[in-house]
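Below: the structure, in structure tokens.
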């Protein structure tokens, strides 16, 4: 008889089967959002964004993942729909992060409340002046976390993450990111890499930190190049895809060359329309999810 308790949390992989995930409805988060205030593009529309988010949530649920909804409060925190950024999950519990974007400073507290409600322990937190956003964090493997150092994540935050993860036997490696479109835009490390499986990743190599590129190659991770023109046309969102299992991914519709590259590498790709949500708001399928359990 198996008396082992059922796991309810834990994720030190970017592509293991998704079992439990924290999300926030765009209907509640974005209903009053003003594009200029939040640095959203001209195609942003809160009604269509909510519809597109609902379609995405249906795809996530269809893969077998249990969706935990962050909150449905009318709190005006439009970017909180991008639940990947305010926290990081480990096999020992959640780390509450510290946001580099001023308009998002209230979001980590929402995550902490949600985890306590869900019975997920809090392993630790990143404290100011340190900043770390989840979009800058990439699990290369279960004992290696790469973090992009840029506008949203700073050296003080990376040092705190090192201290939190060292007792777990995890190496934390920091890599400098380019400024790209400027301080107001968002270039995370995950803007230029999306793991598709433990040994496969979709990349835009011109913006990859060179040392990180060499590490991936040394670890035997095959790199699939997304189409460069589609990357530019989508402001990088063609590259932002969510693995629901190894080589099973959800991507934004409208970028056939990048989809074809993933399919040629053995991936099954599901897509959803996201011009009013992902393209307009600089956050893709990965950004819309905070995995709580992958196993």
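Take segment 71-99 and flag every residue that is out of contact with any helix residue (DSSP H, G or I) (no Cβ under 7 Å at 6 or more places or on another chain) and at pLDDT below 95. Steps first, please.
Taking segment 71-99 as the starting set, the residues that turn out to be out of contact with any helix residue (DSSP H, G or I) (no Cβ under 7 Å at 6 or more places or on another chain) are 75-76, 82-83, 89, 91, 93.
Correct list: empty.
Please specify each residue of segment 108-156 satisfying the condition of being without any contact (Cβ under 8 Å) to a residue 60 or more places away in the chain, assigned to a helix (DSSP H, G or I) and closer than 17 Å to residue 175 by Cβ.
Those that are without any contact (Cβ under 8 Å) to a residue 60 or more places away in the chain, assigned to a helix (DSSP H, G or I) and closer than 17 Å to residue 175 by Cβ: 136, 155, 156.
Which of the residues spanning segment 151-161 are within 13 Å of residue 178 (Cα to Cα) and surrounded by 24 or more Cβ atoms within 10 Å (Cβ to Cβ)?
152, 153
Would you pick out the residues in segment 157-179 that are part of a helix (DSSP H, G or I) and touching a strand residue (DSSP E or B) at 6+ places or on another chain (Cβ under 6 Å)?
Restricting attention to segment 157-179, the residues satisfying the condition of being part of a helix (DSSP H, G or I) are 157-168.
Selection gives 157, 158, 161, 162, 164, 165.
Residues that are farther than 23 Å from residue 237 by Cα and surrounded by fewer than 16 Cβ atoms within 10 Å (Cβ to Cβ): does segment 28-37 have at least one?
Taking every residue of segment 28-37 in turn, at least one turns out to be farther than 23 Å from residue 237 by Cα and surrounded by fewer than 16 Cβ atoms within 10 Å (Cβ to Cβ).
Among what's in segment 67-85 and is in contact (Cβ under 8 Å) with a residue 60 or more places away in the chain and either part of a loop (DSSP other than H, G, I, E, B) or touching a strand residue (DSSP E or B) at 6+ places or on another chain (Cβ under 7 Å) (or both), pick the residue that is farthest from residue 151 (Cα to Cα).
Once the filter is applied, the top-ranked residue is 68.
Taking the residues in segment 228-272 that are under 14 Å from the mean Cα position of the chain (by Cα) and part of a loop (DSSP other than H, G, I, E, B) as candidates, determine which candidate is nearest to residue 59 (Cα to Cα).
Within segment 228-272, the match that is nearest to residue 59 (Cα to Cα) is 241.
The values are calculated or read from the model by the stated rules, or taken from the named source; none is laboratory data. Predicted model only: the values in this text are computed from it and were never measured. Please note: Cβ atoms are built from the backbone with ideal geometry, for glycine as well, and neighbour counts cover all protein chains shown.
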